[in-house]
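Following: one structure in structure tokens, then a few remarks.
The values are calculated or read from the model by the stated rules, or taken from the named source; none is laboratory data. Fair warning: this is a prediction, and the values are worked out from it, not measured in the lab. Here the Cβ positions follow ideal geometry from the backbone for every residue, glycine too, while neighbour counts run over all protein chains shown.
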Amino acid sequence: MMSDRRDTKGKSFHHSELFASIPPTCLPIVYHPNYNITFMGLEKLHPFDSGKWGKVIHFLKEEQFVSDENLVEAREASDEDLLVVHTKRYLNRLKWSVVVASITEIPPLMLLPNSLVKRRVLRPLRTQTGGTIMAGKLAIERGWAINVGGGFHHCSSDKGGGFCAYADITLAIRFLFDRVEGVSTATIIDLDAHQGNGHERDFLDDRRVFIMDVYNHNIYPGDGFAKRAIKRKVELEWGTEDSEYLQKVELHCEGALNELRPDVIVYNAGTDILDGDPLGGLSISPQGIIRRDELVFRAARRRGIPILMVTSGGYQKKTARIIADSILNLHLQGLIGADGSGSGPSAE
């Protein structure tokens with residue numbers, strides 16, 4: 001049952017638009033056109049495809065799986081929402097263009113007025129963050145939810161980096177812990193090519209959160225301090241291919257969910273594991289990514305655990321098509337339903 005103004009311990013908290021009721025006719029797929037970053041071509045200075053989220057939706061519409069009517073429209077996270085996790089000091093630092101330039105790795109941003117940077121860069125990221133929080137609530141209500149954006153796993157409460165300015169994964173979990181009765185444990189399954197050091201730092205001493213992280217240990221961020229939070233750590237070598245990768249994902253995903261049966265799974269489904277990705281350094285095929293997502297959803301479904309998926313990193317133009325194809329495959333396999341519920345086979 002959703003609590004409106006008090007958390008499960010009876011403590012009052014701020015009113016948030018992000019936990020507003022969503023019509024049952026909507027699929028638990030969250031998106032807003034404001035996710036996409038277009039800013040005088042400056043976005044092209046970063047390898048990230050800052051329009052990939054809109055392309056995913058375009059492909060899903062082409063296949064007639066989603067429409068403007070059945071999508072959930074994301075809302076921008078307010079300062080009050082962000083302060084559930086972030087420090088005031090950190091949010092104040094984002095008022096400096098040089099700080100945002102450093103976090104997003106787009107140096108020319110430091111030369112622009114912060115009002116522009118806030119509107120054209122930070123607002124899209126805040127809207128995606130709001131989308132992840134909204135999708136968390138939807139996952140509990142419907143059994144699954146997908147935020148077509150989000151997955152900013154390098155950002156912690158007081159530090160951004162790696163194109164991640166807001167800690168949306170931490171925020172989604174904290175909102176659920178605070179506001180939804182019966183949600184007191186969570187498992188993060190982070191399968192982006194990079195170590196998820198942001199949420200790891202945030203949950204370092206929190207025994208309610210079990211973190212599994214499968215990543216290329218040779219690349220950014222190499223955060224040894226944050227690694228102490230990982231309960232299942234799978235470090236991959238350069239060029240890891242489908243067979244070894246999928247075997248490890250399946251083994252450790254099953255192991256993690258057998259070790260702790262959480263109330264919710266947050267699945268960080270980065271596509272930067274794709275062969276040829278300039279930053280990921282792994283060699284997974286498009287079919288391997290689709291199979292990976294299916295393995296995770298199947299493990300969750302078999303145990304009846306709600307799952308929230310965010311799309312995270314992916315630095316090639318073709319990743320949008322792969323994300324769309326993966327979502328369509330989840331539907332084809334009966335792991336997500338067009339009626340907004342999981343439907344179809346739940347066995348392997």
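General observations
- ASP205 falls short of the stated requirement of being of a type in the set (Asp, Glu) and surrounded by 22 or more Cβ atoms within 10 Å (Cβ to Cβ).
- The criterion of being modelled with pLDDT under 95 and either in contact with a helix residue (DSSP H, G or I) (Cβ under 9 Å, 6 or more places away or on another chain) or over 22 Å from GLY162 (Cβ atoms) (or both) holds for LEU260.
- Among the residues examined, GLY131 qualifies as crowded, with 24+ Cβ neighbours inside 10 Å, in a helix (DSSP H, G or I) and within 11 Å of the chain's Cα centre (by Cα).
- Among (1) of a type outside the set (Gly, Ala, Ser); (2) over 20 Å from GLY151 (Cα atoms); (3) not in a loop (DSSP other than H, G, I, E, B), the one test that MET309 misses: (2)
- Identity of the residue in segment 1-46, at pLDDT 90 or above, assigned to a loop (DSSP other than H, G, I, E, B) and of a type in the set (Val, Ile, Thr), that ends up nearest to CYS164 (Cα to Cα): ILE22
- Qualifying residue in segment 91-100 (condition: crowded, with 24+ Cβ neighbours inside 10 Å and in contact (Cβ under 8 Å) with a residue 12 or more places away in the chain): no
- Residue list for segment 152-178, filter: surrounded by 24 or more Cβ atoms within 10 Å (Cβ to Cβ), in contact with an Asp or Glu (Cβ under 6 Å, 6 or more places away or on another chain) and not in a loop (DSSP other than H, G, I, E, B): SER156, THR170
- Count - residues of segment 229-243 that are assigned to a helix (DSSP H, G or I) and either within 18 Å of THR271 (Cβ to Cβ) or modelled with pLDDT under 95 (or both): 1
- All told, ILE265 meets the bar of being buried (at least 21 other Cβ atoms within 10 Å of the Cβ), within 17 Å of the chain's Cα centre (by Cα) and over 23 Å from HIS217 (Cα atoms).
- Restricting segment 230-262 to residues that are crowded, with 16+ Cβ neighbours inside 10 Å and hydroxyl-bearing (Ser, Thr, Tyr) leaves a set whose member that is farthest from ILE323 (Cα to Cα) is THR240.
- Qualifying residue in segment 204-218 (condition: in contact (Cβ under 8 Å) with a residue 60 or more places away in the chain and part of a strand (DSSP E or B)): yes
- Unique residue being of a type outside the set (D, E, K, R), touching a Leu at 6+ places or on another chain (Cβ under 6 Å) and modelled with pLDDT of 95 or more when the list is ASN70, ASN147: ASN70
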